[in-house]
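S.K.: Questions regarding the structure given below will be posed in turn.
The values are calculated or read from the model by the stated rules, or taken from the named source; none is laboratory data. As the structure is a computational prediction, the values presented were derived from the model and not from experiment. Neighbour counts run over all protein chains shown; Cβ positions are idealised from the backbone, glycine included. Accessible surface areas use protein heavy atoms only, side chains included; no ligands, DNA or RNA. Shrake-Rupley method; radii C 1.70, N 1.55, O 1.52, S 1.80 Å.
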Amino acid sequence: LIATAVGGTVLGSITAGPPLLSYPIAKAMLDEGIMLGAIAAFISAWSLIDPISLPVEIRYLGKKFAFWRLFISFTLASIVGIVMAVVL
């Protein structure tokens with residue numbers, strides 16, 4: 001349960017592009033039988049975590065802020081996945 005949510009978060013955090021693209025991918029994941037918790041974590045991470053903008057964020061907001069935001073976003077996306085897996 002936790003591993004699938006974290007896996008969805010990792011997958012969503014390393015993908016790049018507009019968050020709108022996560023929905024067709026999530027539909028394909030659903031068609032393949034992937035748990036809803038992992039899909040929820042994937043969509044949440046895609047919209048919350050943006051590794052491409054991390055260097056700009058570090059430059060203008062500082063390392064401490066950027067890494068705390070990254071950590072909190074990763075944790076939050078994983079929690080969303082866990083809660084969705086338990087509820088659904």
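S.K.: Kindly report the accessible area of region 1-61 per residue (heavy atoms of protein chains, probe 1.4 Å, no ligands, DNA or RNA), in Å².
M.R.: Here the residues of region 1-61 average 59 Å² of exposed surface.
S.K.: Note down the nm distance, to one decimal, between modelled labels 7 Å out along Cα→Cβ at residue 2 and at residue 65.
M.R.: About 3.2 nm, to one decimal.
S.K.: Which percent of the accessible area of the chain is formed by carbon and sulfur heavy atoms (probe 1.4 angstrom)?
M.R.: Roughly 77 percent of what the probe reaches on the chain is carbon or sulfur.
S.K.: As a test of the formula, what do you get for the chain when each DSSP H run with n ≥ 4 contributes -39,500 (n - 2.57) and the sum is divided by the residue count, at 222 nm and rounded to the nearest 500 deg cm²/dmol?
M.R.: Computed ellipticity for the chain at 222 nm equals -25000 deg cm²/dmol.
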